[in-house]
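The values are calculated or read from the model by the stated rules, or taken from the named source; none is laboratory data. Every value quoted in this text rests on a predicted model; they were computed, and no experiment measured them. Positions of Cβ are backbone-derived with ideal geometry, glycine not excepted, and every protein chain shown enters the neighbour counts.
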Amino acid sequence: MTDERDPAGSVDIDLAEPSPLWRRALPEVERVCDRAARAALAAGGAPQRPAELAIVLAGDALLRALNRDWRGRDAPTNVLSFAAGEDAPPPGAPLLLGDVVLAFETAATEAQAQGKPLADHLAHLVVHGVLHLLGFDHEIAAEAERMEALETRVLAGLGVADPYRLPEACHG
């Protein structure tokens, strides 16, 4: 049920699961993704109109190919965000925000290395990816500080520890 006062509630979140590893390792993966995405949307300025975004639970092979093709880096990465663009949708159609694509093997390895639950790391990566769809970035130090502070605040609201205070924290 969508609450008119909750912009994040008017966003349809589609979950695609090309890798079964996510659900095997984390049966509550859908709930983790939905909560994290909605929290990021609420904090980061969700559109004031119906919108859609997709979360793709993939593996390293897909992320490596996407990272190579779109960023020129021939290696897997934990999360990539692909904003849908700035074209206005046709009248009555929802605003397409874009896709957040996550790599299971990389995320699971990072979570283990950092000594934190996979669910917490996934929540962080989803928040990070959704904030990118909303226009946040970390290419410039001041922007990175702003984005990391917002991520930390959103994650605290979800009961997840500050990912930037853990050893070898991932910066997406």
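Do we find a residue being of a type in the set (S, T, N, Q) and in contact (Cβ under 8 Å) with a residue 24 or more places away in the chain anywhere in segment 39-60?
Yes - at least one qualifying residue is present in segment 39-60.
Table: residues versus (1) within 24 Å of Trp22 (Cα to Cα); (2) free of Cβ contacts under 8 Å to residues at least 40 places away in the same chain; (3) touching a Cys at 6+ places or on another chain (Cβ under 7 Å); (4) crowded, with 20+ Cβ neighbours inside 10 Å.
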{"position": "Val79", "(1), (2), (3), (4)": "yes, no, no, yes"}
{"position": "Val101", "(1), (2), (3), (4)": "yes, no, no, yes"}
{"position": "Glu139", "(1), (2), (3), (4)": "no, yes, no, no"}
{"position": "Glu145", "(1), (2), (3), (4)": "no, yes, no, no"}
{"position": "Thr152", "(1), (2), (3), (4)": "yes, yes, no, no"}
{"position": "Ala156", "(1), (2), (3), (4)": "yes, yes, no, no"}
{"position": "Val160", "(1), (2), (3), (4)": "yes, no, no, yes"}
{"position": "Arg165", "(1), (2), (3), (4)": "no, yes, no, no"}
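Pick from segment 161-172 the residues that are over 18 Å from Val79 (Cα atoms) and among the hydrophobic types (A, V, I, L, M, F, W, C): which of them is modelled with the highest pLDDT?
Result: Ala161.
Name the residue, out of Leu96, Leu63, that is touching a strand residue (DSSP E or B) at 6+ places or on another chain (Cβ under 7 Å), of a type in the set (A, V, I, L, M, F, W, C) and crowded, with 19+ Cβ neighbours inside 10 Å.
Only one candidate qualifies: Leu63.
Out of everything in segment 43-60 that is closer than 16 Å to Ala93 by Cα and charged (D, E, K, R), what residue ends up being modelled with the lowest pLDDT?
Among those residues, the one meeting the criterion is Arg49.
Please determine, by comparing only the residues of segment 80-107 that are part of a loop (DSSP other than H, G, I, E, B) and among the small types (Gly, Ala, Ser), which one is modelled with the highest pLDDT.
Ala84
Residues of segment 31-79 being touching a helix residue (DSSP H, G or I) at 6+ places or on another chain (Cβ under 8 Å), outside any loop (DSSP other than H, G, I, E, B) and of a type in the set (D, E, K, R), which ones?
Arg35, Arg38, Asp60
Please determine whether any residue of segment 133-155 is in contact with a strand residue (DSSP E or B) (Cβ under 9 Å, 6 or more places away or on another chain), assigned to a helix (DSSP H, G or I) and either on the phi < 0 side of the Ramachandran plot or at pLDDT below 95 (or both).
Yes - at least one qualifying residue is present in segment 133-155.
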